[in-house]
Amino acid sequence: FPQGYTAVIDRLSEMNGVNMLADIGNGTMNIMYIVDKKPQESRCWTEKLGVNQCMIKARNAVMDKYAVNIDESIIERILRFGTADICKKFIEVIQSVAEEYVESIFAALRKYEYDPDLVRLHIVGGGACLVDNFGKFDPDRVEINDDICATAKGYEYLAYQMLRRER
């Protein structure tokens with residue numbers, strides 16, 4: 001299963017019906033269905049839609065529009081928090097790129113039959129904050145876990161489960 005699976009493993013018991021997990025990392029987005037608490041091994045995909053692609057597009061957009069090479073840490077701050085202590089014109093360009101990026105994430109999810117009326121979406125990984133800051137979604141149907149330690153906590157949970165079984 002995708003590594004993001006461990007970020008939700010402690011909540012599997014709550015995942016009734018059809019759920020989709022989207023783990024948005026730096027280089028890729030891993031997608032997996034979980035149906036009635038059971039991960040669907042045959043319904044896992046990887047898309048090259050990682051946060052780094054958004055970073056590159058944002059840097060290029062600022063360069064194209066204003067001929068300025070913006071520091072990556074500024075772009076990261078805007079992507080993570082929605083703003084930064086810089087001129088508004090640069091923020092607006094980066095926000096626009098981020099909004100387009102999040103739209104491309106949802107387009108990719110729809111390619112794998114994501115329908116917000118039928119499927120609960122769980123987003124984990126570093127890109128979760130982009131969806132939270134720049135996405136348009138129903139918060140009652142989409143759960144965003146922006147805890148960067150969620151996957152590690154999931155592996156810890158699995159280790160405890162294994163230790164309990166060995167006793």
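General remarks:
- Percentage relative contact order, the stretch 11-59, counting C-alpha pairs under 8 Å, at least six apart: 34
- The chain: angle of helix 88-111 to the longest principal axis, Cα-based, in degrees nearest 10: 30
- Each residue of the stretch 60-65 is assigned a 3J(HN,Hα), and the resulting list reads 5, 5, 5, 4, 5, 7 Hz, derived from the Karplus form 6.51 cos²θ - 1.76 cosθ + 1.60 (θ = phi - 60°), x at Gly and Pro.
- Amide H contacts under 5 Å for residue 144: 123, restricted to partners 5 or more places along the chain or on a different chain, H placed in the peptide plane at 1.01 Å from N.
- Rounded percent of accessible protein surface that carbon and sulfur make up, the chain, 1.4 Å probe: 48
- Here the Karplus relation 6.51 cos²θ - 1.76 cosθ + 1.60, evaluated at θ = phi - 60°, turns the backbone of the stretch 21-27 into coupling constants of 9, 10, 9, 9, x, 6, x Hz, with x for every Gly and Pro.
- Looking at the chain, the accessible area is 57 square angstrom per residue; that uses a 1.4 Å probe and ignores ligands, DNA and RNA.
- Using C-alpha pairs below 8 Å separated by at least 6 residues, the relative contact order for the chain is 27 percent.
- Degrees, to the nearest 10: 150-166 long Cα axis against longest axis of the chain: 10
- Ordering of 90-100, 55-65, 21-31, 107-117 by burial proxy (mean other Cβ atoms within 10 Å per residue, highest first): 21-31, 90-100, 55-65, 107-117
- Cα-based helix-to-principal-axis angle, 72-81 vs the chain, degrees rounded to 10: 60
- Under 5 Å from the amide H of residue 33 lie the amide H atoms of 21, 40, 43, each residue being 5 or more positions distant or on a separate chain, with H modelled from the backbone and absent for Pro and chain starts.
- Percent antiparallel among DSSP beta bridges (both partners in the chain, rounded to 5): 60
- (1) 16.4; (2) 11.1; (3) 10.5, with the label sought being that of the calculated mean projected area of the Cα convex hull in nm²: (3)
The values are calculated or read from the model by the stated rules, or taken from the named source; none is laboratory data. Predicted model only: the values in this text are computed from it and were never measured. In this analysis, Cβ positions are derived from the backbone assuming ideal geometry, glycine residues included, and neighbour counts consider all displayed protein chains. These accessible areas exclude ligands, DNA and RNA; they are computed on the full protein's heavy atoms, side chains included. Shrake-Rupley method; radii C 1.70, N 1.55, O 1.52, S 1.80 Å.
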